[in-house]
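K.L.:
Can you keep this structure in mind? I'll have questions shortly.
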Amino acid sequence: MENPLLSERMKRLKLIYGIGHQVFSKPQGIGYDRDEIVEEDLLGCFLAINPQATKTDILELFEYMLMCMICDKESHESDEIFWFPLAHRICYQTMRFELNKPMPSFESAYFEILGELFLADYVDFIAEESQITHLSKQKEDKYQAWIYFRDNFLYQGAFYRDDEEDIFIVDGKEYTKENCPKIVKENDKKVTYMGYSTMYSPTSWDTPKYWSQYNIWVARTPKGTKYYNEILAPRFYNKYKDLEVEIDNKGNIIRWIGEINR
């Protein structure tokens, strides 16, 4: 297994550089521009810099990464919170089909933390129908809504649908990309599919087969933002602010600088 800590130019790495910043990410203005030293396996990097980490440390890391990535805007697409914390994007298209297999995994623990945040009213999921609708308002209670969402969106890998999986609606009938009626322009061979794409269109909570990373959004609630700003972010930063490692140009840790403030 390759060492997830890679750099030819940089010799030191911190887990967190400031309150409210994503892990392994130097403050660089807008977005989540991570330090060049870190690839997308953030969990692997965390375990490398903190080899004595416990299960509760990992769960706390997942909680912090999620709350840091989820903003308070209701138009934020949900796929980003599943992209880089656990795996490389290049293999996630295949890996997502492994999520529903019956064995313990960090992905399952990650989903469980997300569920706890939802049930605590710290985050909510949004579908754009004729108007904005929230997952928390569906079903008879929030727990039933979460189970429905977890089973149909998370464990079905709907947060990373490929264009080949799109379902088109033409005159009220469903078509795949392969058999959908289409128009091909002779001059440039450009293909235009008839009807509309369900993957890129507003959806309903009643039609999970049409859900995708583009029509299911996620946002922090005001309660969640208050918890993140006043409790979680300061606590996580104070715990890890002094932890730093020195590495060689192959990504091997030479020595630890500072320590975890427990």
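The values are calculated or read from the model by the stated rules, or taken from the named source; none is laboratory data. The structure presented is a predicted model; accordingly, all values stated were derived computationally and were not measured. Positions of Cβ are generated from backbone atoms using ideal geometry, with glycine treated the same way; all protein chains shown enter the neighbour counts. What goes into the accessible areas is simple: the full protein's heavy atoms, side chains included, and nothing from ligands, DNA or RNA. Shrake-Rupley method; radii C 1.70, N 1.55, O 1.52, S 1.80 Å.
K.L.:
Filter the stretch 1-45 down to residues that are at pLDDT 75 or above, farther than 21 Å from PHE82 by Cα, part of a loop (DSSP other than H, G, I, E, B) and open to solvent by less than 60 Å² (accessible area, probe 1.4 Å), then give me how many there are.
P.N.:
Matching residues across the stretch 1-45 total 2.
K.L.:
A follow-up question, please. Using beta carbons and a limit of 9 Å, which pairs, at least six apart or on different chains, have the first residue in the stretch 46-58 and open to solvent by 70 Å² or more (accessible area, probe 1.4 Å) and the second one part of a helix (DSSP H, G or I)?
P.N.:
As it stands, the answer is LYS55/ALA109, since those pairs meet every condition given.
K.L.:
So, one more: Can you pull out the residues in the stretch 212-226 that are hydrophobic (A, V, I, L, M, F, W, C) and over 13 Å from LEU114 (Cα atoms)?
P.N.:
Result: ILE216, TRP217.
K.L.:
Could you list, in sequence order, all residues of the stretch 241-262 that are open to solvent by less than 30 Å² (accessible area, probe 1.4 Å) and touching a Lys or Arg at 6+ places or on another chain (Cβ under 8 Å)?
P.N.:
Residues satisfying the conditions are LEU243, VAL245, ILE247.
K.L.:
Just give me the residues in the stretch 180-200 being closer than 29 Å to SER78 by Cα and either open to solvent by 90 Å² or more (accessible area, probe 1.4 Å) or in contact (Cβ under 8 Å) with a residue 12 or more places away in the chain (or both), in sequence order.
P.N.:
Hits for the stretch 180-200 are CYS180, TYR193, MET194, GLY195, TYR196, SER197, THR198, MET199, TYR200.
Rundown of residues vs (1) at pLDDT 95 or above; (2) over 25 Å from GLY44 (Cα atoms), yes/no style:
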residue: GLU164; (1), (2): no, yes
residue: TYR175; (1), (2): no, yes
residue: LYS226; (1), (2): yes, yes
residue: LYS250; (1), (2): no, no
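K.L.:
Which condition from (1) under 22 Å from LYS226 (Cα atoms); (2) out of contact with any His (no Cβ under 8 Å at 6 or more places or on another chain); (3) surrounded by 15 or more Cβ atoms within 10 Å (Cβ to Cβ) is the one that LYS137 breaks?
P.N.:
For LYS137, the failing item is (3).
K.L.:
Right, next: Count, please, the residues in the stretch 118-134 that happen to be among the polar types (S, T, N, Q) and open to solvent by 50 Å² or more (accessible area, probe 1.4 Å).
P.N.:
Selection size over the stretch 118-134: 2.
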